[in-house]
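Right, one structure below, let's go through it.
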Ligand code: UTP
């Protein structure tokens, strides 16, 4: 049983987005829209729906648009008010009232582990959630809520995982799982981006975590790993060796929208689900010939 509640989330969004160049040369990858909403807003809304109110976004050079997006936009609001666009006005206001936002700049994109370490002084001595800003998870129960529920039951770090195809294991952190019950595993080890024949399972860590504050002291001592980046996976490995850690299979559809093909697939999925456009978009897609 957990003794503390999870009330803060870190959203790392300081990466260079090289897989999406040139679009990400001067604009944040996390601001790419799925239909009409930027990727990072999906992550923020997921965290808020999971009960989180304090959101720490890790940003970097060229990422100012993220701060503007979640801020008040006085001029825009005035124009919408004057032109009687009340629904849009409400939506624009709602975005700036979603949560308490705090931004920290990661000076160099030195890896996900380093990005999380940047928020150490704002987290203090509490467990916290991490949501990667370019992963969108479409789920009936928000993915972060699924993880918090398990954290409240078990009181250990919780990683969100999903099974991936054998040829995809080399794109992810992969866990060594010990089954506990359906969809729940004890994590005994982790490996970052293994070759398919080295992978201990096909359970990939998918960008949703509940972590204890003790991860920070481990991150401080974690040397650069793969790609010369401070890898969160390396620190998680040390954490799993020191104390129990669990992974739960997240129910929902995950989109790696930081990848071009993943982004295109997510656009189709969200386009088809869109109440205004879905039917017309489906008719258009049906009419395409290849
Ligand atoms: P990715 O590896 O998907 O992002 O990191 P990237 O490095 O921006 O993308 P590519 O591989 O070059 O295309 C996952 C998340 O962690 C953040 C990214 O912004 C992304 O949301 N991140 C990554 C940081 O905040 N800082 C870093 O140093 C690296």
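Values in this text are rule-based calculations from the coordinates and carry no lab data. Quantities reported herein were computed from a predicted structural model and do not represent experimental measurements. Every residue, glycine as well, gets a Cβ built from its backbone with ideal geometry; the counts of neighbours run over all protein chains shown.
Can you work out which of the residues in the range 113-130 that are more than 16 Å from residue 100 (Cα to Cα) and within 15 Å of the ligand (Cβ to nearest atom) is surrounded by the most Cβ atoms within 10 Å (Cβ to Cβ)?
115
To keep it simple, each residue is scored yes or no on (1) touching a residue at least 40 places away in the same chain (Cβ under 8 Å); (2) surrounded by fewer than 18 Cβ atoms within 10 Å (Cβ to Cβ); (3) within 18 Å of residue 12 (Cα to Cα).
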{"site": "220", "(1), (2), (3)": "yes, yes, yes"}
{"site": "243", "(1), (2), (3)": "yes, yes, no"}
{"site": "247", "(1), (2), (3)": "yes, no, no"}
{"site": "256", "(1), (2), (3)": "yes, no, yes"}
{"site": "262", "(1), (2), (3)": "no, yes, no"}
{"site": "266", "(1), (2), (3)": "yes, no, no"}
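Residues of the range 7-23 being in contact (Cβ under 8 Å) with a residue 12 or more places away in the chain and within 11 Å of the ligand (Cβ to nearest atom), which ones? Reasoning before the result, please.
The first filter runs over the range 7-23 and keeps only residues in contact (Cβ under 8 Å) with a residue 12 or more places away in the chain, leaving 7-17, 19-20.
Result: 10, 11, 12, 13, 14, 15, 16, 17, 19, 20.
On the given criteria, is residue 104 more than 16 Å from the ligand (Cβ to nearest atom) and under 17 Å from residue 8 (Cβ atoms)? It would help to see each step written out before you state the result.
Working: more than 16 Å from the ligand (Cβ to nearest atom): no; under 17 Å from residue 8 (Cβ atoms): yes.
Considered against the rule, which asks whether it is more than 16 Å from the ligand (Cβ to nearest atom) and under 17 Å from residue 8 (Cβ atoms), residue 104 comes out as no.
What number goes with the only condition from (1) touching a residue at least 12 places away in the same chain (Cβ under 8 Å); (2) more than 16 Å from the ligand (Cβ to nearest atom); (3) more than 24 Å from residue 28 (Cα to Cα) that residue 82 does not pass?
(1)
Would you check if there is a residue in the range 28-38 being part of a loop (DSSP other than H, G, I, E, B), in contact (Cβ under 8 Å) with a residue 12 or more places away in the chain and within 16 Å of the ligand (Cβ to nearest atom)?
Within the range 28-38 (the criterion being part of a loop (DSSP other than H, G, I, E, B), in contact (Cβ under 8 Å) with a residue 12 or more places away in the chain and within 16 Å of the ligand (Cβ to nearest atom)), the answer is yes, since at least one residue qualifies.
Would you be able to tell me the number of residues in the range 49-64 that are more than 12 Å from the ligand (Cβ to nearest atom) and touching a strand residue (DSSP E or B) at 6+ places or on another chain (Cβ under 8 Å)? Before you say what the answer is, go through the steps one by one.
In the first step, residues of the range 49-64 are kept if they are more than 12 Å from the ligand (Cβ to nearest atom); the result is 49-55, 64.
This time we only want the ones that are touching a strand residue (DSSP E or B) at 6+ places or on another chain (Cβ under 8 Å), so: 50, 52-55.
The number of residues fulfilling the criteria is 5.
Could you list all residues from the range 68-85 that are assigned to a helix (DSSP H, G or I), surrounded by 13 or more Cβ atoms within 10 Å (Cβ to Cβ) and under 20 Å from the mean Cα position of the chain (by Cα)?
Matches in the range 68-85: 69 only.
Among the residues of the range 86-99, count how many are outside any loop (DSSP other than H, G, I, E, B) and surrounded by 12 or more Cβ atoms within 10 Å (Cβ to Cβ). If you could, list the steps in order and put the result at the bottom.
To start, the set of residues in the range 86-99 that are outside any loop (DSSP other than H, G, I, E, B) comprises 86-96.
Subset that is surrounded by 12 or more Cβ atoms within 10 Å (Cβ to Cβ): 88-89, 91-93, 95-96.
Of the residues in the range 86-99, 7 are outside any loop (DSSP other than H, G, I, E, B) and surrounded by 12 or more Cβ atoms within 10 Å (Cβ to Cβ).
Can you name every residue in the range 268-286 that is surrounded by fewer than 11 Cβ atoms within 10 Å (Cβ to Cβ) and under 11 Å from residue 35 (Cβ atoms)?
Matches in the range 268-286: 275, 276.
Which one of these is assigned to a helix (DSSP H, G or I) and within 19 Å of residue 243 (Cβ to Cβ): 190, 150? Step through it out loud before you land on a result.
Working: 190 fails: assigned to a helix (DSSP H, G or I).
Answer to the check: 150.
Conditions first: (1) part of a loop (DSSP other than H, G, I, E, B); (2) within 26 Å of residue 164 (Cα to Cα). Residue 235 passes all but one, so which condition is the exception?
Answer for residue 235: the failing condition is (1).
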